[in-house]
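Q: Before I ask anything, here is the structure I am working with.
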Amino acid sequence: MPGVECKLCIEACPTNALYWKAGDVGMIEELCVYCGACVLSCIVDDCIKIVRKRLNGEVESFSKPRDFMTLQHSINAKKRFERIQDVFPKAEDYLKRYGKPKK
């Protein structure tokens, strides 16, 4: 828990989901967009713990800048991989369309 009322996370929150309450940071979950601004601006690791459940049932959580960056990298890598699969044909599809290479 924070030792001082720095409120950096509260000021960084773009949706005003965070507020100060009796020596702790409170969060209005309905306003949180999971952008990570609070965790990235906080000077104390594990001061703010963000947990979300995705539509597919997967639970994600982060409370340190490194956790947030790792999660974002994982999400972005998955999106890049899916995009490459959409753009480039599979080997079987390529061979059906263009045939086997001639020797």
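Q: Normalising by the residue count of the chain, find the relative contact order in percent from Cα pairs under 8 Å and 6+ residues apart. Walk me through the numbers before you get to the answer.
A: Working: 91 pairs, mean separation 17.9, N = 103.
Once divided by the residue count of the chain, the mean separation gives 17 percent.
Q: Name the residue from PHE88, CYS35, ASN56 whose Cα lies farthest towards the positive end of the charge dipole of the stretch 8-98, charges +1 on Cβ of Lys and Arg and -1 on Cβ of Asp and Glu.
A: Looking along the dipole axis, the top candidate is PHE88.
Q: Picking from GLY23, CYS9, PRO65, whose Cα lies most toward the positive end of the charge dipole for the chain (charges on Cβ: Lys, Arg +1; Asp, Glu -1)?
A: PRO65
Q: Moving on to the next point. If you look at just the Cα atoms of the stretch 8-98, how large are its Rg and its Dmax in Å?
A: Expressed in Å, the Cα Rg and Dmax of the stretch 8-98 come to 18.7, 68.
Q: Treating only the Cβ atoms of Lys and Arg (+1) and Asp and Glu (-1) as charged, compute the dipole magnitude of the chain about its Cα centre; round to the nearest 20 debye. Present the calculation step by step, with values, prior to reporting the outcome.
A: Details: 18 positive and 14 negative charges, 235 e Å.
Using Cβ point charges on Lys, Arg, Asp and Glu, the chain gives about 1140 debye.
Q: How large is the helix-only mean residue ellipticity at 222 nm for the chain, computed as the sum of -39500 (n - 2.57) over DSSP H runs with n ≥ 4, divided by its residue count, in deg cm²/dmol to the nearest 500?
A: Working: 4 runs with 41 residues, N = 103.
Computed ellipticity for the chain at 222 nm equals -12000 deg cm²/dmol.
Here, each number is a calculation from the coordinates, and none is a lab measurement. Remember, it's a predicted structure, so these values are computed and weren't measured experimentally. Ideal geometry is used to build each Cβ from the backbone, glycine not excepted, and the neighbour counts take in all protein chains shown.
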